[in-house]
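Take a look at the structure set out below.
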Amino acid sequence: MALSGLPKHPTQNAKLEQYVTDGNVAAQWLAAIDMEEPFADQAEGIADLGAGNGILGIGALLLGAPRAIFVEVDAAACEALEAGLREHDLSQRATVLRADVREVEDALRGCDVVVMNPPWGQQRRSADRPFLEAAAAAAQRSVHLLHSAGAVHVEPWAADCGWVARRWMEAQLPLPRTYAHQQQRRGSTPAAMWWLRRGSPSGGPATAAQPC
Ligand code: SAH
């Protein structure tokens with residue numbers, strides 16, 4: 001309920017592919033992550049890239065993440081995000097970077113976990129690529145990614161970087177009305193969640209990671 005009640009993402013800029021995560025999907029996904037690797041244990045904090053109204057990072061903070069860095073390029077979305085943080089008294093544990101994800105490598109370095117629903121690259125080819133690269137460079141432990149259910153590049157991309165990606169959840173993402181008309185009037189779009197971890201599938205030592 002807390003996540004569904006956050007100030008809404010303004011979703012005005014189609015070029016930025018602002019397909020937002022709805023409150024129920026976010027809550028179920030974050031609760032599942034929290035069961036496996038509790039947010040409260042992520043001492044170096046978490047990052048939410050392409051944060052929008054911050055629904056994922058705010059959810060992680062509500063579940064006990066000690067701190068969160070949010071990266072969002074859209075000024076109006078950042079305002080909604082900051083309002084949501086204030087409403088839940090979370091501003092002290094949050095850093096909001098109004099920036100392009102390609103420009104914040106240093107600020108992100110060393111966080112434990114990245115949780116993100118970035119642009120999917122459907123409007124602009126490979127728009128998700130800088131997000132994957134920033135997440136892999138930043139996260140010490142794991143990356144949780146929500147992406148189009150049709151995405152087939154996540155596992156091979158991760159393998160090239162010395163990460164292992166497991167597709168472990170699926171969801172129907174309600175489309176905001178602003179975009180629904182572009183999608184043959186479908187009210188939702190299929191999404192999936194990947195869990196990326198450093199290292200080999202056998203659990204052995206991490207392979208020498210390529211700079212991804
Ligand atoms: N994470 C939110 C928003 C998803 S939509 C949610 O799950 O609801 C993707 C977000 O990425 C949008 O808010 C968009 O403005 C932002 N974005 C797109 N390109 C960006 C870039 N290069 N750098 C930072 N943010 C970007």
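For the full complex of protein chains and a 1.4 angstrom probe, list V152, V143 by accessible area with the highest value first. Spell out each step's value before the answer.
On the way: V152 120, V143 5 Å².
Ranked list, largest accessible area first: V152, V143.
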Query raised in the report: In the chain, if every C-alpha pair distance is counted and binned at 5 Å from zero, what percent goes to each bin?
Result: 1, 8, 16, 21, 22, 17, 9, 4, 1, 0
Requested in this report: Inverting the mean 1/r over all pairs of different Cα atoms, compute the Kirkwood radius of the range 1-122 and quote it in Å.
Outcome: 14.1 Å
Query - Descending Cα extents along the principal axes, the range 31-72, whole Å - result: 26, 20, 13
Query - Top of M116, M193, M35 by mean-square fluctuation, Gaussian network on the chain, Cα under 10 Å - result: M35
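To the nearest 0.05, what FRET efficiency results for Q28 and D106 with a Förster distance of 25 Å applied to their C-beta separation?
The pair Q28/D106 has a calculated efficiency of 0.15.
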**Report entry** Two-site FRET efficiency, R125 against W168, from Cβ-Cβ distance with R₀ of 22 Å, rounded to 0.05
**Finding:** 0.25
Report summary line: Once normalised by the length of the range 79-172, the mean sequence separation of its alpha carbon contacts under 8 Å that are 6 or more apart gives a contact order in percent of 24 percent
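Determine the per residue accessible area of the chain with all protein chains present and a 1.4 angstrom probe, expressed in square angstrom. Mind showing how you got there, number by number?
On the way: 10120 Å² over 212 residues.
For the chain, the per-residue accessible area is 48 Å².
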Query raised in the report: Residue-wise, which Karplus ³J(HN,Hα) couplings in Hz belong to the range 69-86, taking 6.51 cos²θ - 1.76 cosθ + 1.60, θ = phi - 60°, and x for glycine or proline?
Result: 10, 10, 10, 8, 8, 8, 4, 5, 5, 4, 5, 4, 4, 5, 5, x, 4, 5
Report summary line: Measure of exposure for H153: accessible area at 1.4 Å probe, Å² rounded to 10, is 60 Å²
Query - Estimated D of the range 55-98 in µm² per second, where Rh is the Kirkwood radius over Cα pairs and Stokes-Einstein applies at 20 °C, 1.002 mPa s - result: 210 µm²/s
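The values are calculated or read from the model by the stated rules, or taken from the named source; none is laboratory data. Fair warning: this is a prediction, and the values are worked out from it, not measured in the lab. Heads up, the Cβs are rebuilt from the backbone with ideal geometry, glycines too, and the neighbour counts pull from every protein chain shown. Quick note on the areas: whole protein, heavy atoms, side chains included, nothing else; ligands and nucleic acids left out. Shrake-Rupley method; radii C 1.70, N 1.55, O 1.52, S 1.80 Å.
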